[in-house]
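A.B. asks: Before we start, here is the structure in question, set down as structure tokens.
The values are calculated or read from the model by the stated rules, or taken from the named source; none is laboratory data. Here the structure is a predicted model, which is why all the values come from computation and not from measurement. Counting neighbours? That spans all protein chains shown, and the Cβs are built from the backbone with ideal geometry, glycine included.
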């Protein structure tokens, strides 16, 4: 299973699919709401919005429920790219390892780094 370099809360840009001239989402940016590693998919805020028809019903108080709801659907993780916080452009992700001493113990931590600018993400 491949390493997923995108995490919840990251800002990503859609890099494939239909462009805006055809009503698609290519080029849109959004924040990652959830990551589904077993399906290699991510849920991005404001991207890949679909309409879902819910059966009409009532709540216990008598309010009507149902109708047409619009919400985000998951995208494949290969269709999005992390946005560099410095340049605001899509970038690849690399890792840098550092040895940190905490409470007298040495630990090795991996830090995500932008391949373009070299800055920490």
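A.B. asks: Are any residues in segment 31-44 in contact with a helix residue (DSSP H, G or I) (Cβ under 7 Å, 6 or more places away or on another chain) and within 13 Å of residue 9 (Cα to Cα), and if so, which ones?
C.D. replies: Of the residues in segment 31-44, the ones in contact with a helix residue (DSSP H, G or I) (Cβ under 7 Å, 6 or more places away or on another chain) are 40-42.
Of everything in segment 31-44, just one residue is in contact with a helix residue (DSSP H, G or I) (Cβ under 7 Å, 6 or more places away or on another chain) and within 13 Å of residue 9 (Cα to Cα), namely 42.
A.B. asks: Can you confirm whether segment 34-55 contains a residue that is over 18 Å from residue 120 (Cα atoms) and free of Cβ contacts under 8 Å to residues at least 12 places away in the same chain?
C.D. replies: The first filter runs over segment 34-55 and keeps only residues over 18 Å from residue 120 (Cα atoms), leaving 34-55.
In the following step, the residues that additionally are free of Cβ contacts under 8 Å to residues at least 12 places away in the same chain were identified as 38, 55.
Looking for residues that are over 18 Å from residue 120 (Cα atoms) and free of Cβ contacts under 8 Å to residues at least 12 places away in the same chain, one finds at least one in segment 34-55, hence yes.
A.B. asks: If you don't mind, there's one more thing I want to ask. Could you check segment 17-88 for strands (runs of 3 or more DSSP E) lying wholly inside it with 3 or more residues that are within 30 Å of residue 119 (Cβ to Cβ)?
C.D. replies: On the way: elements: 29-36, 41-44, 49-58, 64-72, 80-82.
It comes to 29-36, 41-44, 80-82.
A.B. asks: So if I check each of 29, 58, which one is exposed (fewer than 14 other Cβ atoms within 10 Å of the Cβ) and in contact with a strand residue (DSSP E or B) (Cβ under 9 Å, 6 or more places away or on another chain)? Can you show your working first?
C.D. replies: Numbers: 29 fails: exposed (fewer than 14 other Cβ atoms within 10 Å of the Cβ).
Exactly one of 29, 58 is exposed (fewer than 14 other Cβ atoms within 10 Å of the Cβ) and in contact with a strand residue (DSSP E or B) (Cβ under 9 Å, 6 or more places away or on another chain), namely 58.
A.B. asks: Starting from residues that are over 14 Å from the mean Cα position of the chain (by Cα) and at pLDDT 90 or above, keep the ones in segment 70-86 and report whichever is farthest from residue 5 (Cα to Cα).
C.D. replies: Within segment 70-86, the match that is farthest from residue 5 (Cα to Cα) is 70.
A.B. asks: Can I ask one more? Taking segment 1-30 as the region of interest, how many residues are under 13 Å from residue 88 (Cα atoms) and out of contact with any helix residue (DSSP H, G or I) (no Cβ under 7 Å at 6 or more places or on another chain)? Outline the logic, then answer.
C.D. replies: Within segment 1-30, the subset under 13 Å from residue 88 (Cα atoms) is 10-13, 27-30.
Remaining after also requiring out of contact with any helix residue (DSSP H, G or I) (no Cβ under 7 Å at 6 or more places or on another chain): 10-13, 28-30.
The qualifying residues number 7.
A.B. asks: Out of 57, 46, 67, which single residue is on the phi > 0 side of the Ramachandran plot and more than 22 Å from the chain's Cα centre (by Cα)? Spell out how you get there, then give the answer.
C.D. replies: Numbers: 57 fails: on the phi > 0 side of the Ramachandran plot; 46 fails: more than 22 Å from the chain's Cα centre (by Cα).
Step by step, each of 57, 46, 67 is checked, and only 67 is on the phi > 0 side of the Ramachandran plot and more than 22 Å from the chain's Cα centre (by Cα).
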